[in-house]
Structure formats: C-alpha cells, structure tokens
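> Questions regarding the structure given below will be posed in turn.
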Amino acid sequence: MKNYKSLYISDLHLNLLENKSMELIPILENNSFNTIYILGDFYDDFVPHKDFSPEEKHLVELLKDAIYIRGNHDYNRSKIDYLIIEDKLLLHGSQVDSINYISGIQSKLIRASCYVLNFLRLLNPILRWKNYSLSELIQENINGRDYIINYKKEIIKLMNKYKCKKVISGHDHIFILDNPYYNAGYCYDGVQGIVETFNGDLIDLRSILLVQYLIGLKIT
C-alpha cells in the first residue's frame, strides 16, 4: 500500500443511477491518503432518495473521514463553501455559476421537490409512473455548460482574490491539470481525481492506477 499526501475528488452524485463512482473503492482500499477532499456534489439532492447498495455504503464508509466541501447539488450536507490549504484554494466552483448557484433558495426548492418525488416513487410499483429525476430532466433539456461562461477565468479570479497560487475545483465535470488551475473532474462517470504527493506535485489519479497495473503485470 502506497501513501500519498492528499486526494481530491468531486461530483460523485451518489444518488444517480448507473453511477461509476464505485470504481474508486479499490483505489481507496489499496492506497492511503493523509487527507481526502470531496469538492462538492458527493450526493445528488436533485433526485429522490434511494436505498444505497452494499457497494455504495462501502464507498461512503471509506470516505467517512473526508473533508467535505458542499456543491450546488448537495448544498445542505456541508457548511464549508471553500478552503484555503497552504497555497491552494479548494472549492466546488458553482460560486461563479449564476444559473446553478442560488444558495439557500436553491436548497429549499430542491428539498421540497425531492419530498414530492419521493412520494411519487413510493407509488411507482402501483401506478408504474416514471421514477422522475430532476438531474436527468435538467441534463436532458439544458446544456449547463452553455451557462458557465469563462469558468476557468472566473475561478482563477477567485484564486487571486484569496491570494492563492493554485486552485482545485469541480462542478463543470471537465478534468484539467493546468497549473495554476486544476479540476478534479467527474467521478460519476468513472475514476477521476487529483493526487498530491508529499513533494507537492499534483498528478492524475488514473496515472496511479496505470502504474499499479503495470507493476501487477510484472509481478505475475
């Protein structure tokens, strides 16, 4: 088992179906990280609550000690909007997205909507209605990236405002390692994330998987 300084992941959206975030489990089981940061949207409160599978519960357990920055899909689950760690600004990124970031008003509307959707979900076996998902509805009808104008530029402005040298965010689901701007990507869609070594280097989480895979081939 290899030890690393930090792991940064974002946008797992655990309540969504067909979620590939479970691919993180072997990484978390076979490596250790002094600190894990979840940069928002760990859960997705735009969809009705569903019972987690044993695999999902195991992932939640593995991440129970992570530092949790809230996103725009899980606004009520953390009170941390951003962190400054050493020379790095850590945030979800919805702060610069005026369409998605409506703070308290948004969270109350989401909660109210999900109570209704959960009730409809209970009736599904009888009435055979669709298991409605606000996230799916939004994704099918709105291209969110059309409303995230100059995202990278605005995030770097925030970094400069807080006098940091690097910024790590999530939100727009586009993985990037481009100093000083880093984006942890979209874990819902598979293994994505950023690992910080004890030398302070920020590297692609998938490169660790590749190295460990090649080492495994050599051993066998």
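The values are calculated or read from the model by the stated rules, or taken from the named source; none is laboratory data. Worth saying up front: this structure is predicted, and the values here are computed from it rather than measured. Backbone-built Cβ (ideal geometry, glycine too); neighbour counts: all protein chains shown.
> Being of a type in the set (Gly, Ala, Ser), within 21 Å of His173 (Cα to Cα) and either touching a strand residue (DSSP E or B) at 6+ places or on another chain (Cβ under 6 Å) or surrounded by fewer than 22 Cβ atoms within 10 Å (Cβ to Cβ) (or both) narrows it down to one residue among Ser78, Ser53, Ser32; which is it?
Just one listed residue meets the conditions, Ser78.
> Would you check which residues across the range 1-26 are β-branched (Val, Ile, Thr) and surrounded by fewer than 24 Cβ atoms within 10 Å (Cβ to Cβ) and list them?
Listed by number, the list holds a single entry, Ile25.
> A follow-up question, please. Given the residues Ile174, Ile138, which is the only one that is modelled with pLDDT under 90, surrounded by 12 or more Cβ atoms within 10 Å (Cβ to Cβ) and either touching a strand residue (DSSP E or B) at 6+ places or on another chain (Cβ under 8 Å) or part of a helix (DSSP H, G or I) (or both)?
Testing whether each residue is modelled with pLDDT under 90, surrounded by 12 or more Cβ atoms within 10 Å (Cβ to Cβ) and either touching a strand residue (DSSP E or B) at 6+ places or on another chain (Cβ under 8 Å) or part of a helix (DSSP H, G or I) (or both) leaves just Ile138.
> Which ones in the range 1-23 are farther than 13 Å from Val60 by Cα and in contact with a Phe, Trp or Tyr (Cβ under 7 Å, 6 or more places away or on another chain)?
Tyr4, Lys5, Ser6, Leu7, Tyr8, Asp11, Leu16, Asn19, Lys20 - these are the residues of the range 1-23 that are farther than 13 Å from Val60 by Cα and in contact with a Phe, Trp or Tyr (Cβ under 7 Å, 6 or more places away or on another chain).
> Moving on. All but one of (1) in a loop (DSSP other than H, G, I, E, B); (2) modelled with pLDDT of 65 or more; (3) more than 30 Å from Leu28 (Cβ to Cβ); (4) touching a helix residue (DSSP H, G or I) at 6+ places or on another chain (Cβ under 7 Å) hold for Lys163, so report the exception by its number.
It fails just one condition, (4).
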